[in-house]
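Following: one structure in structure tokens, then a few remarks.
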Amino acid sequence: MRMAKGVEWALHTLLNLDMAGGGPVGSSQLAQAHGLPAPYLNKQLQQLSRAGLLASTPGPRGGFSLTRPLDAITLLDVVQAIEGDADMFQCTEIRCCGRIGELSPRPTGPCPVKNAMSRAEASWREALAAQTLAEIKAELDTGPVVGEIIRAALR
């Protein structure tokens, strides 16, 4: 499984906005802070806004700001905002196709492969939902130097 790089960008951007002090920060400032392409980051910011994780303030002093504290934002919230919430595994019932399907009796129960993949995906989603961005921030070296660097980069 591979997630889009927008998930990484979104996670860092949310953490940076928190450490920047809360005021609106423009998308171009956020993109420049990590050397990211502004149009692509802006797409991620819009998705975070639609998901209710960011607020967008228009105007020359506008930009993006968090709508809730980091302890109320989970990894699952961010992944779903960027990737959507569709099931990762799509069972197409190939067990009923081709020669094997022709030679086999019609299945009477759900596909065991689909069931196994659904259990694995549920565990993955539970793990993402159990971790907040506040916990990630606590793992960072968030001393005054880091905050100063982030605020300077976002000016």
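Taken together, the values in this text are just the output of simple stated rules run on the coordinates, not laboratory data. Owing to the predicted nature of the structure, the values given are computational and were not obtained by experimental measurement. We place every Cβ from the backbone using ideal geometry, glycine too, and count neighbours over all the protein chains shown.
A few comments on the model shown:
- For region 5-153, with +1 on Lys and Arg beta carbons and -1 on Asp and Glu, the positive-most of ALA134, PRO112, LEU14 along the dipole: PRO112
- Of the trypsin sites (Lys or Arg not before Pro) found in region 1-59, those that fall in a DSSP loop while having at most 14 other beta-carbon atoms within 10 Å are ARG2.
- Cα gyration tensor, region 7-46 - rounded (a/c under 1.5), prolate or oblate: prolate
- For the chain, a simple Cβ point-charge model (Lys and Arg +1, Asp and Glu -1, everything else neutral) yields a dipole of about 420 debye relative to the Cα centre.
- Its residue count N sets the reference 2.2 N^0.38 Å, and the alpha-carbon radius of gyration of region 62-120 equals 1.92 times that reference.
- Rounded to whole Hz, the Karplus (6.51, -1.76, 1.60) HN-Hα couplings of region 99-109, x for glycine and proline: 4, 4, x, 5, 8, 9, x, 4, x, 9, x
- Phi to ³J(HN,Hα) by Karplus 6.51 cos²θ - 1.76 cosθ + 1.60 over region 61-71, Hz, x for Gly, Pro: 9, x, x, 10, 9, 5, 9, 8, x, 4, 6
- For region 26-43, Karplus couplings with θ = phi - 60° (6.51, -1.76, 1.60), whole Hz, Gly/Pro x: x, 5, 5, 5, 4, 5, 5, 4, 10, x, 9, x, 4, x, 6, 5, 4, 4
- Sorted fewest first by neighbouring Cβ atoms within 10 angstrom, SER65, SER28 come out as SER28, SER65.
- Region 97-126 and region 1-79: distance between their alpha carbon centers, rounded to Å: 38
- Other residues within the sphere of radius under 14 Å centred on the Cβ of LEU11, judged by their own Cβ, net out at -4 (K and R +1, D and E -1).
- Most mobile listed residue (LEU41, LEU140, LEU11) in the chain, GNM with C-alpha springs under 10 Å: LEU140
- Efficiency of FRET between ASP71 and SER118 - r from beta-carbon atoms, R0 30 angstrom, step 0.05: 0.55
- Of all lysines in the structure, those lying under 29 Å Cα to Cα from LYS114, and not within fewer than 8 positions of it along the same chain, are LYS5.
- When the trypsin sites (Lys or Arg not before Pro) in region 83-142 are filtered for DSSP coil states and for at most 10 other beta-carbon atoms within 10 Å of their beta-carbon, no site remains.
- Legend: ranking of residues MET19, MET117 from fewest to most surrounding C-beta atoms inside 10 Å; resulting order MET117, MET19.
- Prolate/oblate/rounded call for region 1-81, Cα gyration tensor, a/c under 1.5 rounded: oblate
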